[in-house]
Structures are given as structure tokens and as C-alpha cells.
Amino acid sequence: MFYRECGNYKDTYAKDMAIFPIPLDRYGFIVMLILALIVIPLIATDYWISSIMIPFYCFALSAFGLNILAGYAGQISIGHAAFMAVGAYASLILYGRYGIPLLPSILGGGIVSAAVGTFFGLPALRIKGFYLAISTLASQFIIQWVIVHWRWVSGGVFGTVEAPDMQIFGWALDTPVRKYYLALCIMILLITIGKNLVRGQLGRNWMAIRDMDYAAEIIGVNLYRDKLIAFAVSTFYAGIAGSLITFCYYGAANIEEFHVMVSFALIGMIIIGGLGTILGSFLGAGFFVLLPIAINQSLGAFMDVVPSDILSNIEAIIFGGLIVLFLIVEPYGMARLWHTIKDKMRLWPFPY
Amino acid sequence: MGRKLMFTLFVLVVAASFVMVSGQAMAADKEKKKEAPKQYVPLLIYRTGPFAAGGSGIGSGWEDFMQLRNMQGGVNGIMYEWEECETAYNVARGIECYERVKSKKPVYVHPISTGITYALLPKGVKDHIPIVFEGYGRADAADGRVFKWAFNFPTHYWSQNTAKIKFIAMKQGWDGKNMANIGKYLKGLKIANLHIDVPYGQETKPILDDMAKKYGLVVRHFPVSWPGIDQKSQWMDIVRRFKADWVINRNWGVSCTVPLKEAARMGFPRNRILGVWWCGSEEDVLPAGPAAKGYYATNFHGVGRDFPMIKEIVDKVYGAMKGNISFTRVGSVYYNRGVITGITMDEALRTAHKKFGVKVINGEEMRWALEHLNITEERIKEIGAEGLMQPMKTSCADHEGGGMVRIQQWDGQKWVVASDWISPMKDYVRDMVEKSAAKYAKEKGIQLRDCSKVD
């Protein structure tokens, strides 16, 4: 009823190019922002803020980065967790050892990660599809090996770099709420930039490459440049996400936090959430970060009735079952479900 | 229609799970108000994933012990209340579990995972929760002056490795007492350190290298990449090229079994392989079948059901059908490790009760108690754990306490004790620990505590 385009005239270019052309979308987005910026910090407990919302934002950011690469540019990468690790270690070293201020350190983590990512993106110039997937899988193992064995990076045999106390302009970021705001603000900023990237010329080039690369080349898209930019941007996002999650949540960079299963989970996030959508990155991250914890917590109710070894395995069974169920119900991802609902609502009450 | 039905089903499941979460939380709140205060113990364990054998064994042994104490009326009348949190040996999940249990005033956190321990060390300092890692994690945390909130009693990897070298010397004919002539027996001996190539596996490299220099050993490291299912090339190297005299098996989980099979294939004697205590359980050797016979592994506690403590658990807890694991695993290596975890926690709580009065102990009081732990030979006999555990005494400077290691051998059916308690090269290990801890303190800007001024 309210959700329609009737009477919504696009009489200027600015209106035509708006991110949310439909008023209700705009209001909905503002409500979400108010929720995230004001309501959640006010009502949520420390546990919710620090171990549910912060990882959710960081993984959403990282999934969005992977979505740029896999969903928009069509270059699959199974080594994204390693780039998160690069960002995490780089920013911790910049901040902890060299005393560079916090925000430039996080940015630096992203830049180092982007540099490494561009290097590992080079094979994409020659190979594509499954072959590229395998070569990016190699990047995961190479990076992991280098971090563990390069003493200067990981501080020797223990392989761990602890996050020092954070400060911005002498203002300590010590409570979960403050860390939450740091993660949230950087996430919103980067997603805004990212959304505009994928709407612009670059994003259109990426989509052209994804849909048919030689056709894109014929119409004048510079394949090499744009593929490498996709790798750089995507790993930049991964690096920032990695450094944010270590600073705000883990508290120490340890290579076991970024092992290959995390890379698989990231791929899962964008497939379940929806390839090539921003909403999908959030839904997918929610699915992979929040759902196992929700299942785990709700199973706690049966703790006295069911033996605990069965109980712990049920979590994996339910979660796996839900993944399969979702892929059957909506193979194009959760974002597509939302689009279907939206299309229905536009035509309501006279759907055809 | 089908799609709609499935979707509705899914929505219902999600909705139901959320309702249950909130309902459970509310119910828990109500219960707490009614009952007498209980000592809350969080168990960060793993019953799923590749290392489930370790996590489930330790967790269940620990729970059974608390169950037994609760049946006997608790610790000085204070009951235990425990909660499991499944980490699947995954660092991120472990941190989530820690955050979940943090606000419920846990007595301490014992995550049974080196990776999670590393992540929790700085958090424990901030939240004033002791982080305990019994037989894993950082060895240098034994220096309590630097690591105020971390404890690694009864022993750690570096102590273990000096004990291993001592055991190897004994097998070469050393009498086990005179440290002055140990070098004579070790000189030129080739030791292959077969380790899994993650931070946990690399932890003993520095001390082995150092001992190699000291005693004229030839130590070479053979890294196995995670998860270590395939070790063919390493074994080819160890047996054909390096011609090792002894192999130290420093793997974890599934990769522990592989060396036994490979050694059998290459004809390398199994009684020349010496495993870390995380490669010394029934679950590690049984899959190898007859190939495992003769294999040595280290341990820091007794195995089997032949102890009054374990018998009591079997009688009372399993007699009342309140056990937490299948009965066949009671008395296995990991299970007993869980029981001694429970015993040391219990003793620490009693120590704290003596100092602070009988009440629910919080993290800070527990830290004091863990630092003043004194489990004597007589006390162990009184508990009924003679032979199950070693006496230990912690202090402000020494967070290791015991340090002794025992070697066990697999006879094809069960683990049999193959050596007496071997004490590590204490001064030498302590020296290494202090050096490493000092380096850590310098990096982190930690002021060393002056132990003469701490009560």
C-alpha cells in the first residue's frame, strides 16, 4: 500500500540516481541506522555488543569485500580469511610497534592487505573459474605459512600479536560500546563507499566482466586493470575487517582465527546471503555468525535432558540442515527473498 | 506450495529458537534468585570437530568430579554449578564462549586449546579472571611475576621436553641421577622433532635446539602441515636420510596416529617414538591397531580406574546414572586429566575458603588461591588420588607448581607405566622461562611483580 512508486516522480538527475529511490526504503534505512547507532548501544548488554554485534559487522564488511570480487567481478577467491589475517597483523604491528595513530594503522592494514591481494590476484589475469579458485586457495596457505614462520611478523614461536589498548586523539577506546562505535562507523563509511563503487562505472565494468569477459573486452573494458582493482578493493575490505575484528573483539591476532574454514564460511556467507548484493553480505554474515550461537544457546534449554555429546553435535546438524534448506528454498540467496517480497509489495493489493 | 511450506517451517524454527533463548534466560534468572549461591564453573570444551576425543574426555571427567563433590555436599557446603560451552577448538567460538560466561563470575577459565589461551591471556588480565591451562599453552607463563593471571600447573611443554631428553638418556643407559655425565649418553644421538606446523607445534623448538647445543644432540625439526594426515615424505626423510635414533611425536588429534602407521610401514621401531601428552591417549593409539605396540608417550597423571578417586566416581556417579560420558571411557587418559583438573580446582577453592571464608569465590580470590596452592603427598592420599596426580606447590613466582612427568607405554591393550616420575631440569627450564617471560614483559611494557612484597 505504502510501498509503491506511484506519485514518486524522478524530476531531477539527483533523484534518478538516488541509492534508495523508493521513500519507504529510505525511511527503513534511516530506522536501521537509528537502531544500530542509538538503540543497540543503549539496550544491549556487553555480551551482545562485544561478541555478537561487533563480529557481525566485521564479517559483514569482509563478506561485502568478497562480494565485490566474487559477486560483482565474478572472480572467486577461497583465501579471503588470509587477507583478513594480513590486515590484522599489519595494523597491529603498525599501531603496537611503530606507534602510528589508530585510524591510519587500520587504514594501513587495509592497504598492506590490498597490496598482497593484488599480488595474489595476478593469476586472475590468465585463469578463471575453478582454476582461479584453486590458485586463491594457495594464497590462504602461503600467507598462513609466512605469518607463522616469519618471526618479525608473528613474534616467534607463539604466533600471536596482542592488541594494545586503543586510543583516538588521547581518548581511550576501552569499553565494548566504544569499540562497537569504532567498528560500526568504519563499517558504515566503507559500505557507503562500496555501494557507490559498484553503482558507478567501475562496478558496471566488473559486472560486465562477470557476465561475459570477452564481450566486456570488446566494448572497451580494460580487463586486466579492472580485475586487479577488484582484487585490490576486495582485499582492502578484508584487511580492514580483519584489523577491526582483532582490535575490537579478539584482542590478539592469532593465525588460528583466520584459518581456511573461515574462508569457506565467507564464501558460504555470500552464497547464502546473495551474490552481488550488499544486503546479502549482511544477511549472510548474520546467518553464519548469529545463527550458530542462537542454536547453541537455545539448545542449552535441553541440557539436563539430552546427553551433552549429542547436544553439541545437534548444533552442527541443525546448522547444516538450514544451509541446505536455504539453498533449496532460494538458490539465489536471502537477498533475493527480500527482493521477491519487495516486488510483491509494490503490486499489492493487485499482484499478477 | 512446497516452497511456501518450507519457508513457513523455517520461519517457525527460527522464531521458536529465539523464544526458547529468551525463555531460558528468564527461567535461569528466576532460578538463581531462589537457590543458595553456587560456585559457577564454565567449561569451554569441544565435543565436535577433529579433536573431540580430547575435549569430551577432559570435560566429562571434570564434570563427573564436580558431580561427585555435589553428591557429597559440595566444597565446604558450596555446590558446583557448571555450564558447557562448545568451542569446537575454534578460536573465534572460544572467545564468544568466554564473553558469554564472563558476566556470570566464573571461578576461572580453562579453554583446553592453545589458540584460545593465547587470545584470552590479555582479556583475563583486564577482566580479572584467571586463565588456567594445564599442560598446554605458553610455557613461559610459569613465571608468575609477569603472567599474574595465567597458570600452567602441574607442568608445561618445556619441562616435558627436558624430561623427555632425560628419559631418552636413561634408555641409553644413564642412571637417571647424575646430571654431570648425562651428556656422555646423549652425545651424537639423532632426535627428530616431528611437529605439527602451527604455533602449538613450534613451541618446543627453542628448548630442543638449546639442549642440542648443550648436550651435543643432533636435533632436526620435521614440520607437518595442518591437519597432518599425510606424513609420508617426512617419514622417508626421518628414517632414510636423517636416520633418527629417536622421534618426538608432537602432533595433535588425528595426526597423532599417522606416525605410528608410517613407522610400522618403514620398519622404524615404535619404542623409539616418544609422544607429547596430547598424543598419548587411547584414542590416538587404538586406530593404529597393532602398529602402536611399544609406543611411548609422556603424561602428567595416572591412567586407568585403579585409584580410589576414580572408583568413587564409578560407584557414586555412575551408580546413580549421573555420568557425563559413556562408561567405557571412564579411566582413560583424557578422562583422568579432567578429573585432576577438577581436583586442583577443588583444592584451590578450599585454599581460598581458608583465607577469605566459606562463600562463592570470585576471580580475584581464586587467583590468590591458585598462587598459594599446596597439594601435598598426604593430601593427595586423603583425596584418594595417590598415583593419579603429583604433589604441587605454587607461589607468586612459580605458576607451574609441580613439573614432573611420567612416561607410559602402550602394550597393545592399555597404557602401562614405563617410568617413575621424572623431574625436569628445573633450573635450566626456569632460566629459559624467565628469559622468554622477560622478553614478553618488555614487549608489552609489564612491570615485573616483586614477589617478596606480595603476601
Exercise. Order of B:403-414, A:35-46 by packing, highest average Cβ count within 10 Å first?
Worked result: B:403-414, A:35-46
Exercise. Which entries of B:Lys105/B:Lys453; B:Lys105/B:Lys126; B:Lys355/B:Lys453 show an alpha-carbon separation above 22 angstrom in the structure shown?
Worked result: B:Lys105/B:Lys453
Exercise. When a footprinting reagent is the concern and you count Cβ atoms within 10 Å, what order do B:Cys396, A:Cys185, B:Cys256 take, fewest first?
Worked result: A:Cys185, B:Cys396, B:Cys256
Exercise. Regarding the stretch B:157-299, what is the average projected area of its C-alpha convex hull, in nm²?
Worked result: 7.7
Problem set entry | Lone cysteines, the protein assembly as shown (no partner Cβ under 4.7 Å) | A:Cys6, A:Cys58, A:Cys185, A:Cys248
For this session: May I have the extent of the alpha carbons of chain B along their three principal axes, as whole Å values ordered from largest to smallest?
Result: 70, 68, 48
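Translational diffusion coefficient of the stretch A:10-49 at 10 °C, 1.306 mPa s, Stokes-Einstein with Kirkwood Rh over Cα pairs, in µm²/s as a whole number. Each step should come with its number before you reach the end.
On the way: Rh = 12.0 Å.
The Stokes-Einstein estimate is 132 µm²/s.
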Exercise. Amide H to amide H, which residues 5 or more places from A:Leu173 or on other chains are under 5 Å from it, using H placed in the peptide plane?
Worked result: A:Met166, A:Gln167, A:Ile168
Problem set entry | Cα long-axis angle, helix B:333-356 against chain B (0 to 90 degrees, to the nearest 10) | 60
Exercise. Once the Cα atoms of helix B:157-171 and of chain B are each reduced to a long axis, what angle between those two axes, in degrees from 0 to 90 to the nearest 10, is obtained?
Worked result: 40
Seminar exercise, completed: Here the stretch B:56-71 yields Karplus 3J(HN,Hα) values (6.51, -1.76, 1.60; θ = phi - 60°; whole Hz; Gly and Pro given as x) of 6, x, 5, x, 6, x, 5, 5, 4, 4, 5, 4, 4, 5, 5, 5
For this session: Give, as a single signed number, the net charge of other residues whose beta carbon lies under 10 Å from the beta carbon of B:Val405, with Lys and Arg counted +1 and Asp and Glu -1.
Result: +3
Problem set entry | Qualifying lysines (Cα of each under 22 Å from Cα of A:Lys342; at least 8 residues distant if same chain) | A:Lys10, A:Lys15, A:Lys195, B:Lys4
Exercise. Just counting partner chain Cβ atoms within 10 Å, what average do the residues of peptide B:5-13 show around their Cβ?
Worked result: 2
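Which value does Rg/Rh take for the protein assembly as shown over its C-alpha atoms, Rh per Kirkwood?
The Rg/Rh ratio comes out at 0.99.
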For this session: Counting other beta carbons within 10 Å of each Cβ, put A:Arg126, A:Arg199, A:Arg210, B:Arg47 in order, fewest first.
Result: A:Arg126, A:Arg199, A:Arg210, B:Arg47
Exercise. On full extension of the chain, what length is gained from A:Ile168 through A:Thr340, given 0.36 nm per residue of separation minus the C-alpha to C-alpha distance?
Worked result: 57.6 nm
Problem set entry | Relative contact order (%) - the stretch B:157-299, alpha-carbon pairs under 8 angstrom, separation at least six | 21
For this session: Before anything else, pin down the relative contact order of the stretch A:44-347: Cα pairs under 8 Å, at least 6 apart, normalised by residue count, whole percent.
Result: 33
Seminar exercise, completed: Averaged over residues of B:178-189, the number of beta carbons from other chains lying within 10 Å of each residue's Cβ is 0
Problem set entry | Summed residue charge, Cβ within 13 Å of A:Leu102's Cβ, Lys/Arg positive, Asp/Glu negative | 0
For this session: May I ask you to evaluate 6.51 cos²θ - 1.76 cosθ + 1.60, the Karplus curve with θ = phi - 60°, for each residue of the stretch B:421-428 and list the ³J(HN,Hα) values in order in whole Hz, giving x for glycine and proline?
Result: 4, 9, 8, x, 7, 4, 5, 5
Seminar exercise, completed: Rounded to the angstrom and largest first, Cα extents along the principal axes for the stretch B:335-455 equal 51, 39, 22
For this session: For the protein assembly as shown, build the charge dipole from Cβ charges (+1 Lys, Arg; -1 Asp, Glu) around the Cα centre, then report which of B:Ala15, B:Phe356, A:Gln140 sits farthest towards its positive end.
Result: A:Gln140
For this session: Would you mind checking which residues have amide H under 5 Å from B:Glu83's amide H? H placed 1.01 Å from N; only 5 or more apart, or other chain.
Result: B:Val41, B:Leu43
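Given axes a ≥ b ≥ c from the Cα gyration tensor, I'd like to know whether the stretch A:103-166 is rounded (a/c under 1.5), prolate (a/b larger than b/c) or oblate.
Judged from the Cα gyration tensor, the stretch A:103-166 comes out oblate (a/c at least 1.5, b/c at or above a/b).
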Seminar exercise, completed: Scoring only Lys, Arg, Asp and Glu (+1, +1, -1, -1) among other residues with Cβ under 14 Å from the Cβ of B:Gly289 yields -1
Exercise. Which of the peptides B:373-379, B:242-248, A:228-234, B:226-232 is most tightly packed, and how do the rest follow, going by the mean number of other Cβ atoms within 10 Å of each residue?
Worked result: A:228-234, B:242-248, B:226-232, B:373-379
Exercise. In degrees from 0 to 90, rounded to the nearest 10, what is the angle of the helix B:91-102 Cα long axis to the longest principal axis of chain B?
Worked result: 40
Seminar exercise, completed: In terms of the alpha carbon gyration tensor, root eigenvalues a ≥ b ≥ c, rounded if a/c is under 1.5 and otherwise prolate when a/b exceeds b/c or oblate, the stretch A:240-352 is oblate
For this session: Calculate the mean, over all residues of peptide A:289-302, of how many other protein chain Cβ atoms lie within 10 angstrom of the residue's Cβ.
Result: 5
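Which of the three applies to the stretch B:147-200, rounded, prolate or oblate, going by the alpha-carbon gyration tensor with a ≥ b ≥ c and a/c under 1.5 meaning rounded?
oblate
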For this session: Please grab the % of Cα pairs in the stretch B:247-347 that end up more than 15 Å from each other.
Result: 64
For this session: Could you tell me the distance between the Cα centroids of the stretch B:403-455 and the stretch B:310-328, to the nearest Å?
Result: 33
Seminar exercise, completed: Quotient of Cα radius of gyration and Kirkwood radius for chain A, i.e. Rg/Rh, equals 0.98
Exercise. Tell me, B:His110, B:His301, A:His149, A:His80 in order of fewest to most beta-carbon neighbours within 10 Å?
Worked result: A:His149, B:His301, B:His110, A:His80
Exercise. What size of dipole, in debye to the nearest 20, comes out for the protein assembly as shown about its Cα centre when the only charges are +1 on Lys and Arg C-beta atoms and -1 on Asp and Glu C-beta atoms?
Worked result: 1060
Exercise. Rg to Rh ratio, the stretch A:18-163, alpha-carbon atoms and Kirkwood radius?
Worked result: 1.05
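The numbers here are math on the coordinates, done by the rules we state, and not lab data. Remember, it's a predicted structure, so these values are computed and weren't measured experimentally. Note: ideal-geometry Cβ built from the backbone for every residue, glycine included; neighbour counts use all protein chains shown.
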